[in-house]
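Read the figures in this text as sums done on the coordinates, not as results from a lab. What you are looking at is a predicted structure, and each value in this text was computed from that prediction instead of being measured. FYI the Cβ positions are ideal-geometry reconstructions off the backbone, even for glycines, and counts take in every protein chain you see.
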Amino acid sequence: SRGALNPATEMQEVMQITQNEQNDTARFEKLQSQSERLARQKKNPYFARIDFAEGGGETEKFYIGQASFIDDDNSDVYICDWRADISSLFYNQGLGEVYYDSPIGRIYGNLSLRRQFKIENSELKYMFDSDIAIEDDILKDELGKSADLKLKTIVSTIQKEQNIIIREVNCDLLLVQGVAGSGKTSIALHRIAYLLYHLKNIVSSSNIIIFSPNNVWVSYIADVLPELGEERVAENGLYEFFSSFFEDWTVETYAENMERHLNLGYIDGELEKCGVKFCDALKDYFLSQGQFKTQYTDIVFDGHLILTAEEFKKYYEVIFKNYTPTMRKNKIINIVIQDMENEYKEKYLEKYILDLQLNSGGSISFTDFEEKVERETEWRRCISSVTDLINGAFGNVNIKQTYLTMIKEYLPECYDACEKNFEQRKMNYEDLFPMTYLKVLRGDIRPFHKISQIVVDEAQEYPPIVYILLNRIFVGAKFTILGDISQKTIENGCDVKEITNYFPGKKTKYYRLNRSYRSTKEINDYLKSIDVRNDNSIEYLDRHGSPVEFINNADVDKIVAVLKSFRSEKHFSNAVICRDFKDSELLYHKLKNKVDIFLIGDNDSVIPGRDVIIPSYLVKGLEFDAVIVFDRRKEFKNDDKLFYVSCSRALHKLVIAEPDKNLFS
């Protein structure tokens with residue numbers, strides 16, 4: 001009967017059923033993904049055709065789409081994936097003698113046709129032939145459309161300079177300095193899709209992580225990879241990632257940090273905590289003063305001497321002296337465990353099982369499976385016991401005290417506030433990164449070898465120590481790092497080009513994107529007038545729209561009137577950008593009963609088709625049809641950069657409002 005089943009057999013059956021269910025779920029999800037892809041292809045199967053003759057041979061037609069379409073019976077390719085090698089001809093080459101690179105080498109031939117299509121809902125809207133890459137008229141048509149608060153794929157309008165970056169595979173560190181509206185975020189996501197396509201045998205979505213500036217941005221990009229036929233990759237804020245190493249602390253969030261600095265300013269010396277000089281001093285102090293205090297002792301297991309005190313000392317002080325203290329300790333533990341397994345494991349476990357049976361008077365008997373489980377459980381206990389013995393020989397470095405000592409010595413003006421926070425196990429944003437660095441030095445944070453590709457967007461918003469940490473934690477990974485120095489809103493953020501200094505030994509390639517595709521000429525002219533860097537190298541797509549509007553003494557009624565005018569002008573994704581969340585929340589309560597509007601905070605997602613009120617520090621990377629930005633630079637002298645970033649979010653219409661004295665009271 002069922003009740004007579006052995007517990008071990010029952011467990012095996014349950015495990016088999018679970019495995020079958022997991023396999024069925026995986027097959028279903030794969031079929032569902034294929035079905036969704038085919039449904040998308042039916043509406044928009046391809047966007048280009050090229051006619052290419054390889055090496056003087058016959059001319060062949062190649063249709064290019066968001067995904068390939070192949071006959072399963074005879075493997076005929078009807079549509080090429082935009083990421084295929086031959087598809088690069090559409091993006092990079094004009095008519096005539098051309099080449100493209102493939103796994104078997106460079107392929108030469110003649111390109112006799114470049115045709116672009118616009119297909120929507122299975123209906124051909126237009127097509128035309130062109131000698132060059134994507135025509136500006138096509139770009140203007142695409143960019144003139146309403147945004148929907150979700151980033152869209154750009155496979156049909158990728159520019160040559162963008163395509164080169166997307167397909168770059170011959171470097172370890174790819175740096176991109178791109179002006180506002182140059183497509184950096186789109187490039188990053190399409191590059192991930194390209195890498196997953198071309199490196200599918202060695203890279204999967206689980207090997208890639210995107211570090212984002214905030215949670216709003218994560219929701220904004222969420223649909224791009226699935227639309228490109230790829231699984232979503234891990235998306236994490238750098239704050240969330242580093243704070244996860246301090247679960248028993250209350251760590252100030254990025255949003256809390258911005259609110260504090262916007263309203264209270266910086267404490268003298270606060271920004272230096274994340275700089276290179278303090279980072280180096282922290283490392284030197286830790287390695288010279290913060291070593292483990294070791295009491296060497298013989299390590300004995302089951303009456304056998306595994307490691308003498310003299311050997312213990314030699315390993316720690318001589319053989320492994322170039323490693324961090326925790327890494328030395330872990331290497332010694334691994335050596336001891338290896339010796340135990342090679343010399344004593346089998347004999348010990350045989351004796352252990354025999355003793356169990358003898359001591360029970362023969363009442364205990366095991367099946368093969370039960371004996372295996374019992375042996376594994378006992379061996380884990382043995383390893384744990386010996387590990388505890390070795391750990392007991394070490395006195396752990398107190399990271400908290402080490403950090404406070406360094407703050408007191410190098411940045412005394414920050415000491416009192418830092419000590420007060422630490423007493424309550426609270427940590428400011430600026431303390432998070434150097435405290436993480438101490439954990440790395442102590443060996444508490446082991447390298448993440450599984451991650452092979454990392455993307456960092458809005459790179460200018462992070463201090464040097466962040467890149468030093470990423471290089472130490474993600475050993476062997478390749479990095480794609482994108483940013484814009486003109487949009488740097490924190491004082492200790494990095495110039496993109498200087499980031500190479502924090503990845504010594506990595507093969508680096510650096511690209512500049514000087515052309516902006518986002519805004520109309522009228523908005524771009526205004527952006528040029530307020531750019532504190534006065535960058536004359538920026539080029540703009542010549543797309544015209546409404547003049548920038550200016551409103552003095554803006555009150556609630558005037559803001560409501562502008563929002564209603566946006567809707568009447570067919571702008572459906574609009575933003576009211578306030579200086580901080582306090583102002584955003586205050587204005588939201590004054591507007592919510594007059595217009596349909598949504599308040600966005602650090603933990604919220606963007607909502608397609610809704611007007612939003614959002615603080616300035618959360619808009620990086622986003623774009624909207626029409627934008628109202630409050631100009632409060634007369635009140636707050638350091639707001640120039642956030643004001644520039646806020647204004648650069650507008651696609652079609654920009655309204656600059658100077659608030660009346662009661663609007664934010």
Name the residue from 322, 367, 391 whose Cα lies farthest towards the positive end of the charge dipole of region 293-395, charges +1 on Cβ of Lys and Arg and -1 on Cβ of Asp and Glu.
322
Mind pulling the angle between the C-alpha long axis of helix 368-391 and the longest principal axis of the chain? Nearest 10 degrees, somewhere in 0 to 90.
90 degrees
Tilt relative to the chain, helix 345-359 - C-alpha long axis, 0 to 90 degrees, to 10:
60 degrees
The chain: relative contact order as a whole-number percent, Cα under 8 Å and 6+ apart:
16 percent
Can you give the charge dipole size of region 174-308 about its Cα centre, rounded to the nearest 20 debye, using +1 on the beta carbon of Lys and Arg and -1 on the beta carbon of Asp and Glu?
520 debye
Ranked on Cβ counts within 10 Å of their own Cβ, fewest leading, 240, 317 go 317, 240
From the phi angles alone, apply the Karplus equation (6.51, -1.76, 1.60; θ = phi - 60°) to region 633-641 and give each ³J(HN,Hα) in whole Hz, x where the residue is Gly or Pro.
5, 5, 7, 10, 5, 9, 8, 4, 6
Karplus couplings for region 300-315 from phi (6.51 cos²θ - 1.76 cosθ + 1.60, θ = phi - 60°), rounded to Hz, Gly and Pro as x?
10, 10, 6, x, 9, 7, 8, 8, 6, 4, 5, 5, 3, 5, 5, 4
To make sure I understand the rule: partners must be lysines, Cα under 24 Å from the Cα of residue 30, and not fewer than 8 residues away in the same chain. Which ones qualify?
42, 43, 152, 200, 450
In degrees, nearest ten, helix 184-198 long axis to first principal axis of the chain (Cα):
60 degrees
Fraction of beta bridges assigned by DSSP in the chain that are antiparallel (%, nearest 5)
40 percent
Looking at region 293-395, what % of the alpha carbon pairs are farther apart than 20 Å?
46 percent
Calculate the length of the line joining the C-alpha centroid of region 73-97 to that of region 497-574, in whole Å.
34 Å
Helix-derived [θ] at 222 nm for the chain: sum -39500 (n - 2.57) over DSSP H runs of at least 4, divide by residue count, nearest 500?
-12500 deg cm²/dmol
Any lysines whose Cα falls less than 20 Å from that of residue 351, other than same-chain ones fewer than 8 residues away, would be 372
Let me make sure I get this right: for region 405-527, a, b and c are the square roots of the gyration tensor eigenvalues over alpha carbons, sorted descending. Under 1.5 in a/c it's rounded, otherwise prolate if a/b > b/c, else oblate. Which is it?
oblate
Hey, which of these cross-link pairs are over 19 Å Cα-Cα: 273/641; 150/570; 592/653?
273/641; 592/653
Starting from the Cα gyration tensor of region 402-473, take the square roots of the eigenvalues, sort them a ≥ b ≥ c, and report rounded, prolate or oblate (rounded when a/c is under 1.5, otherwise prolate if a/b is larger than b/c, else oblate).
prolate
Where the centre of each part is set by its Cα atoms, how far does region 588-631 sit from region 214-271, in angstrom?
18 Å
Debye, to nearest 20: dipole size of the chain, +1 on Lys, Arg Cβ, -1 on Asp, Glu Cβ
960 debye
At R0 = 56 Å the Cβ-Cβ FRET efficiency linking residue 334 and residue 51, nearest 0.05, sits at 0.40
Rounded if a/c is under 1.5, else prolate if a/b is larger than b/c, else oblate: which is the chain, with a ≥ b ≥ c the root eigenvalues of its Cα gyration tensor?
oblate
